[in-house]
Amino acid sequence: MPTLDLTRPPFSGFAVDDIDAARAFYADTLGLTIVDGEMGLLHLTLDESHEVLIYPRDGHVAAPYTILNFPVADIETAVDTLIAKGVVFQQYPDMGTDQKGIFRHGGPLIAWFTDPAGNVLSVLQA
């Protein structure tokens, strides 16, 4: 029986309903490196060893939880910069997010926003 080799770096992936809108958002708005792949796939390159696959899916329904977290050194600067680029931060009144959408009640400072497909992302101060 052959052995199973799971030692290569793993990667994650998520669906979107509009691959062109996703490309523009992740490349232009967030300033990340996007490489077009085969069959309409996008490769979101985070660094030399971390990649996330973005793929089109008809009937896509966004997950109700955070799919991707971006650690930042200064959440105030990150939120202000993204707001200036048109990003709208989610407000969770039951959790006590402030006027910018930043949660400041224990744990890391974190603020949530969505991509054009409704996928929930965050910036968190780390």
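Quick one: grab the alpha carbon gyration tensor of the range 63-123, order the square roots of its eigenvalues as a ≥ b ≥ c, and give me rounded if a/c is under 1.5, else prolate or oblate depending on whether a/b is larger than b/c. Because its axes are fairly even, with a/c under 1.5, the range 63-123 counts as rounded.
Taking Cβ atoms as reference points and 12 Å as the exclusive limit, the residues near residue 20 contribute a net charge of -3, counting Lys and Arg as +1 and Asp and Glu as -1.
Each Lys or Arg adds one and each Asp or Glu subtracts one; over the other residues with Cβ under 14 Å from the Cβ of residue 40, this totals -4. Ranked by the mean number of other Cβ atoms within 10 Å of their residues, highest first, the peptides 106-112, 60-66 fall in the order 106-112, 60-66.
Which sequence of 57, 104 reflects their accessible areas, 1.4 Å probe, from the largest down? Each step should come with its number before you reach the end.
Details: 57 140, 104 100 Å².
Largest accessible area first, the list is 57, 104.
Pick from 55, 26, 92: which is most flexible by mean-square fluctuation in a GNM of the chain where alpha carbon atoms under 10 Å apart are linked? Largest GNM mean-square fluctuation: 92.
Give me the 1.4 Å probe accessible area per residue for the chain, excluding ligands and nucleic acids, in Å².
On the way: 7870 Å² over 126 residues.
Ligands and nucleic acids excluded, the result is 62 Å² per residue.
Among (1) 9.4; (2) 10.3; (3) 7.8, find the value of mean projected area of the Cα convex hull in nm² that was calculated from the structure presented, and write down its label. Step by step, mean projected area of the Cα convex hull in nm² for this structure corresponds to label (2).
Would you work out the charge dipole size for the chain about its Cα centre, treating the Cβ of every Lys and Arg as +1 and the Cβ of every Asp and Glu as -1, and quote it to the nearest 20 debye? My answer is approximately 280 debye.
The values are calculated or read from the model by the stated rules, or taken from the named source; none is laboratory data. Here the structure is a predicted model, which means the values were calculated and not measured. Neighbour counts run over all protein chains shown; Cβ positions are idealised from the backbone, glycine included. Quick note on the areas: whole protein, heavy atoms, side chains included, nothing else; ligands and nucleic acids left out. Shrake-Rupley method; radii C 1.70, N 1.55, O 1.52, S 1.80 Å.
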